[in-house]
1. With Leu86, Leu94, Leu81 as the choices, which residue is closer than 20 Å to Glu58 by Cβ and touching a residue at least 12 places away in the same chain (Cβ under 8 Å)?
2. If I filter region 106-129 down to residues being under 20 Å from Leu70 (Cα atoms) and in a loop (DSSP other than H, G, I, E, B), which single residue comes out as least open to solvent (accessible area, probe 1.4 Å)?
3. Could you list, in sequence order, all residues of region 53-78 that are under 16 Å from the mean Cα position of the chain (by Cα) and part of a loop (DSSP other than H, G, I, E, B)?
4. Does Val101 fit the bill of being open to solvent by 10 Å² or more (accessible area, probe 1.4 Å), of a type in the set (Val, Ile, Thr) and in contact (Cβ under 8 Å) with a residue 12 or more places away in the chain?
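The values are calculated or read from the model by the stated rules, or taken from the named source; none is laboratory data. In this text, all values refer to a predicted model and were calculated from it rather than measured experimentally. Positions of Cβ are generated from backbone atoms using ideal geometry, with glycine treated the same way; all protein chains shown enter the neighbour counts. Only protein heavy atoms, including side chains, enter the accessible area calculation; ligands, DNA and RNA are left aside. Shrake-Rupley method; radii C 1.70, N 1.55, O 1.52, S 1.80 Å.
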Amino acid sequence: MSKKQDKSDDENFEHKSFEIEGRTVEYKTKIVDKVEQDLLNLSDTDKEFIAYSLVDAEILLTQLSADKNLSNYSAQDLDELIYLWLHRRTSFKLVTEEEFVNAIGSAFGNCMNSVYGTKWTIISDEYGSDFACVSESPVFQTFPFSSIWKAIEQNREGSLQAIMDLIRKHLDDGSFGS
């Protein structure tokens with residue numbers, strides 16, 4: 001499942017930035033009309049998919065160091081794996097792009113769930129269906145697998161940590177809805 005938006009839609013966004021821990025995080029935002037979405041509980045198959053993808057993620061994390069695993073990784077580690085994927089793909093000879101996206105996407109969602117208390121769900125809307133990590137209070141949602149696809153397709157570096165920083169900024173300044 002992936003949620004892709006038309007690249008020509010980019011000009012409809014307002015580009016913004018902020019500083020955090022000595023880094024500048026650039027992002028774009030757009031106010032949209034509320035889109036009706038169906039929130040679905042995860043089926044056993046969906047839960048299995050996440051679990052198996054996390055096993056793959058743990059294997060990929062060992063590319064960074066032998067002691068990296070699902071209990072001691074960060075969004076920056078996942079960004080580093082994306083960098084390696086984009087610039088040294090030969091390190092991933094036996095991994096397809098879809099397997100890579102699924103592994104890193106599940107790990108990114110797991111990271112957000114651990115850090116921000118979000119929960120996995122599937123959201124269906126006018127763009128299709130996609131796994132999402134949602135928070136009920138304050139209200140926000142992210143799409144981990146789509147974030148990985150975009151990072152790869154648009155050759156983005158550091159985008160997962162930037163998403164984590166953006167969530168932290170909105171939590172700190174109270175700009176998420178409740």
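1. The conditions single out Leu81.
2. Among those residues, the one meeting the criterion is Thr118.
3. Residues satisfying the conditions are Leu70, Tyr73, Ser74.
4. No.
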